[in-house]
Every structure is written in C-alpha cells, then in structure tokens.
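Asks: Take this structure first; my questions come after.
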Amino acid sequence: MEEVVKIHQLVKKLSLEVVYGDEESLNREITTGDISRPGLELTGYFNYYPHNRLQLFGSKEITFSERMIPEERLMVMRRLCEKDTPAFIISRGLEAPEEMVQAAKEKGLAVLRSPISTSRLLGELSSYLDSRLAARTSVHGVLVDVYGLGVLIQGDSGIGKSETALELIKRGHRLIADDRVDVYQQDELTVVGEPPKILQHLIEIRGIGIIDVMNLFGASAVRGFMQVQLVVYLEAWEKDKKYDRLGSDDAMVEIACVDVPQIRIPVKTGRNVAIIIEVAAMNFRAKTMGYDATKSFEERLTRLIEENSGVE
C-alpha cells in the first residue's frame, strides 16, 4: 500500500518546473489526493484551511494576490505555509509572487509550476495522487489483458491458473500479475489491479519454476496495471454438478468494494481453457456493446414456441 508520495516524484511524473525547491522541500510528503485552491485564504479567512493539501494557484488566485500590498501578501503566504503543507503549485505558467517564494524558503516548501490550464492540472494531480494513495488489498489469482479487457483468473490452488495465463500470453495477450494481484478502488465503479513490485513481470509454472515473461516474450507481453472488468473462476469438473449452459447466470463478486461480473468455467482434461477465456472476453465485450447471444436465443425460442403453438 502506498501511504505517501514525495514531491520530487510528483515533479517527475507530471513534468513540473521547480521554481524553488531544495532537497528537503522536494522530499516533503503528500498524504492526500485532495487539492486546495486557497481563494478564501487569500482574503484572510483561515477557519477551515486544508493545510495538508497541495495548494494550487490558478489565474484567479494569482490575479487576486497581485491586488494586495506586498506586506499583506507576504503575511498571507506565510500563513499558508504550515508544517504539513506539501507545496505550492502554479498553473498556466504564471509568475510566482516574490512573497510566495520568500515564504516558501522560510518554511521549507517547494514552489512548482506547470504550463497547462488550472482545470487540466487539477485533474492530472487528482488522478495521479488518487491512484498512488488509494488503499490496496491483495487477491489471489492471475490478471491478464485479453483483447483489452482486464480478466482476473481465479480458482483453487493447482487448478491451472498460471498455465492458462501462459497460454494466453503465447497467443498474444498480456500479463499484469501472477499469483497475487494488488487491487484498489479507482472510483465507485472501477477497480484496478497491479503486480506487487517483487512479482512484476514474473509467472510461476510448476515443474519449471519462475519465468520472466518480459525477457522471454518481450515488452509487449506485459502491462503495469489494468482495470479488473471480468473475473473467471476455474473449478474442477464434477460429473453430477449442473453448470450454466446458456450464459444467463449474471453472477457478481466484490473486489475492493466494487462488484465485478464473474463466470465459472469447469476444468477437465481436453478443455482448452485459454481459448474459452478468449471467447468469454469477446462475448463479455459484445454484451457491453448491446449484443447478448443468450437473449437472442431466448427470443428465437419464444417465437418458435408461439409459431408451433398456433399449428393445429
């Protein structure tokens, strides 16, 4: 689980310009993905100042501060610099007020700048920080990118999850994580999976050992993260058990507080599970685009029954 993001990591990721910053200020920690635009604070209202957030200055904030006398501006900037304030960030490539830089130097804060618009910068900051700071949990399984769809393969130990994933990789699909998948909620409807750093690009095959997928199959065979859109649960075939044959069972499983569609595939000798998962992914994609083969079959069956019932 990521608990903090350092300022220098943010600078590198978003290609920010460092107007002012020394080693100490660039090592300050960001602990929340929320961003503050200190408009009210510039007027002197600090009752609810979110001092532990990045302080983003757009054209409105900079223009307003320019109307203040230098002494008043310096006083406000100093009040904005709390011990847990991560940094100041200025959008649109605007000039940083001298008093902002002076207060930042006194309090050990960095002053950063970006040429992009305020709303776009706000979105990029929030997206990056939310993904890095989100609480992570681990689930057992293999996450594979199949035709651009994030498929999490789960099942009992020894059922053949990694071997199935290897077959999918050989067929041109991409590995995200094997054995353990770190997942986090991106929003109310989206869960993302990624590999633990120690297992990145690696897959374990019983009898062979650890395989480095990137070295064997190339960079196109791996991905760093992927949205989990479908869960495929592999289970041992049981002769007397009834299985869904029409695809009408809309089962869901909760992962990181998000409900994800799940299908269960019985595994037995002679079944090519990798091809079945490919078809399941394509069929799921077709359903999301509005075509449901099961409904089409049921409609045909209903029409056939109606036609036959009218025959004397």
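The values are calculated or read from the model by the stated rules, or taken from the named source; none is laboratory data. It should be emphasised that the depicted structure is a prediction, and the values quoted were computed from it without experimental measurement. Cβ sites come from the backbone with ideal geometry, for glycine too, and all protein chains shown count toward neighbours. Protein only, heavy atoms only, side chains kept; ligands, DNA and RNA dropped before computing areas. Shrake-Rupley method; radii C 1.70, N 1.55, O 1.52, S 1.80 Å.
Asks: Within the range 128-246, how many Lys pairs that are eight or more residues apart, or on different chains, come under 29 Å at the alpha-carbon?
Replies: 6
Asks: Relative contact order for the chain: what percent, with Cα pairs under 8 Å and sequence separation of 6 or more?
Replies: 14
Asks: Calculate for the chain the 222 nm mean residue ellipticity that helices alone would give, adding -39,500 (n - 2.57) per DSSP H run of length 4 or more and normalising by residue count, nearest 500 deg cm²/dmol.
Replies: Computed mean residue ellipticity for the chain: -10000 deg cm²/dmol.
Asks: A further question on this structure: List the lysines whose alpha-carbon lies under 16 Å from that of LYS105, not counting same-chain residues fewer than 8 positions away?
Replies: The reachable lysines, counting only those whose Cα sits under 16 Å from LYS105, are LYS83.
Asks: Can you compute the equivalent ellipsoid semi-axes for the chain, i.e. the square root of 5 times each eigenvalue of the Cα gyration tensor, sorted largest first and rounded to whole Å?
Replies: Ellipsoid half-lengths, sorted descending, are 53, 25, 15 Å.
Asks: So which residue, out of TYR128, TYR45, TYR20, gets the largest mean-square fluctuation from a GNM of the chain using Cα contacts under 10 Å as springs?
Replies: Greatest mean-square fluctuation among the candidates belongs to TYR45.
Asks: Could you tell me which of GLN200, LEU143, GLY39 has its Cα farthest along the dipole of the chain towards the positive end, charges placed at Cβ (Lys, Arg +1; Asp, Glu -1), taken about the Cα centre?
Replies: Of the options given, the answer is GLN200.
Asks: Still on this model: Taking only Cα atoms and a 10 Å spring cutoff, compute GNM fluctuations for the chain and point out the largest among GLU204, GLU29, GLU106.
Replies: Maximum among the listed residues: GLU106.
Asks: Provide the per residue accessible area, probe 1.4 Å, for the range 14-97, rounded to a whole number of square angstrom.
Replies: About 54 Å² of surface per residue is accessible.
Asks: I've got another one for you. Which of rounded, prolate or oblate describes the range 133-249 when judged by the alpha-carbon gyration tensor and an a/c cut-off of 1.5?
Replies: In terms of gyration-tensor shape, oblate.
Asks: Right, here's the next one. Sorted by accessible area with a 1.4 angstrom probe, largest first, how do ILE275, ILE169 fall?
Replies: I get ILE275, ILE169, largest accessible area first.
Asks: Pick out which of VAL279, VAL232, VAL146 has the largest mean-square fluctuation in a Gaussian network model of the chain, springs linking Cα atoms closer than 10 Å.
Replies: For the chain, modelled as a Gaussian network with Cα springs under 10 Å, the answer is VAL279.
Asks: Continuing with the same structure: Can you tell me what share of the DSSP beta bridges in the chain is antiparallel? A percent to the nearest 5 is fine.
Replies: Of the beta bridges lying entirely in the chain, close to 60 percent run antiparallel.
Asks: On to the next question. Within the set of other residues whose C-beta is less than 12 Å from the C-beta of ARG223, count the net charge using Lys and Arg as +1 and Asp and Glu as -1.
Replies: -1
Asks: Treating the beta-carbon of each Lys and Arg as +1 and of each Asp and Glu as -1, no other charges, what is the dipole magnitude of the chain about its Cα centre, to the nearest 20 debye?
Replies: It comes to approximately 540 debye.
Asks: Given the convex hull over the Cα atoms of the range 49-166, what projected area results after averaging over all orientations, in nm²?
Replies: Averaged projected area of the range 49-166's Cα convex hull equals 11.0 nm².
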